[in-house]
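Shown next, in C-alpha cells, is the structure this report addresses.
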Amino acid sequence: QIDREGYMGAGHSHGGAQVTGAGKHKSRLALALGLTTTFMVAEVVGGLWTGSLALLADAAHMLTDAGGLALALIAIRFAERPATPKQTFGYVRLEILSALANAVVLLLLTVYILFEAYERFKNPPDILGGPMLVVAVVGLLVNLLSLKLLAGGSSESLNVKGAYYEVLGDMLGSLGVIVAAAVVMFTGWKLADPIIGAAIGLFIVPRTWLLLKQAVHILMEGTPPEVDVGAIEARLSSLPNVTAVHDLHVWTLTSGLDAMSCHIITSDTSQAKSTLQAASMAMREEFGISHTTIQIEDEEIRQSSGHDTRI
C-alpha cells in the first residue's frame, strides 16, 4: 500500500492460529465453564453450610478456573467479530480487560480468605467434616471431567492449554480440602481447615499476580517477553539496501497476537517492494509476527520528517 505522502508501507490483517485452533473447542470450553461455575456456587453454599474456610478458599480457586475458561471463550468470540471504523482492531482487547478485572477480584478474595483464616485461628468454629468431605470429592470429580473435556484441545491452542492448566491446578485445592475434611472428621482438629484454607489462598496469589502483571504489560503496550527487539532491528538492518531502522515498536494486541511497526531507510527506493517483502517474510517466518506495518523511506524523507535512527 502507498500512503498519502508517497511512502511505501505494508499491513497484514491480524489473526492467530491459537484462536483458530481454540475455535474448534468452543463447545467443550463452554461445557467446562458451566461445570466449573456451577460447582463453584455449590462450594460457596457448602462452605457456608459446613463452616469450612477451605471450601470457600477452593471456591475462590475455582473462580480462577472459571476466569481462565471465560477468557478463552472471550478471546474466541471477539476475535471472530469483524473490525469496524470505530474499532479498527476489533474487540480482541476485551480479553485483556477481563483478565485485569479477574486478577483484581481474585487478589481481593485472597485478602479476605487470609483475614478469615487469622480470625479462625483465634476462635476455631465448628465444622461439619462429613458434608465438607462429600463436597470436596464431588469437586475433584468435576475437575477430572473438565480435564477430560479440555485435554484434546490443549495441544492445539494456547488458550485451551491455559484453561487446562488452570483446572489441573485446582485439583490440588480439591485434594487439600479432602485432606482437611478427613483430619477434622477423624481427629477433631479444627485448625486443619483454616490452615488448608490459607494455603489455598496463598496458592492463588502467584498465578493471580502474574496474570495482573501480564494484563498491565499488554495494556501499556510493552514488548512481548518472548520478543528480542534488538534481534529484530539487527535482522531488518541486514537486508539488502537497508541503511537504518527507526521507530521500531512491538506490542501485543491480545494473547497470541503480536504486532510490529517500523520505518526502514533504504539506499535504493526503487527496490522498496522487494525490501518490503523480505522484511515482512522475516518477521513472519523468523519471529512469528504476521501483523506488521512497515514503512520504506530514504534518507531525504527521514531528514524532512524529523526522525532519527534510534528505536
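The values are calculated or read from the model by the stated rules, or taken from the named source; none is laboratory data. Only a predicted model underlies this, so the values are computations on that prediction, with no experimental measurement involved. Using ideal geometry, Cβ is built from the backbone for each residue, glycine included, and neighbour counts are taken over all protein chains shown. Areas reflect the complete protein model, heavy atoms only, side chains present, ligands, DNA and RNA absent. Shrake-Rupley method; radii C 1.70, N 1.55, O 1.52, S 1.80 Å.
A few points about this structure:
- Cα gyration tensor, the stretch 49-159 - rounded (a/c under 1.5), prolate or oblate: oblate
- Rounded to whole numbers, the Karplus 3J(HN,Hα) couplings from phi for the stretch 199-207 are 4, 5, x, 5, 5, 6, 4, x, 5 Hz, using 6.51 cos²θ - 1.76 cosθ + 1.60 with θ = phi - 60°, and x at Gly and Pro.
- Apportionment of accessible area to carbon and sulfur, the stretch 134-278, percent (1.4 Å): 67
- Where labels lie 7 Å past Cα in the beta-carbon direction, separation of residue 101 and residue 88 in nm: 2.7
- Remark: the stretch 187-226 carries 58 Å² of accessible area per residue (probe radius 1.4 Å; ligands, DNA and RNA excluded).
- Under 9 Å, Cβ to Cβ, from residue 64 - net charge with Lys/Arg +1 and Asp/Glu -1: -2
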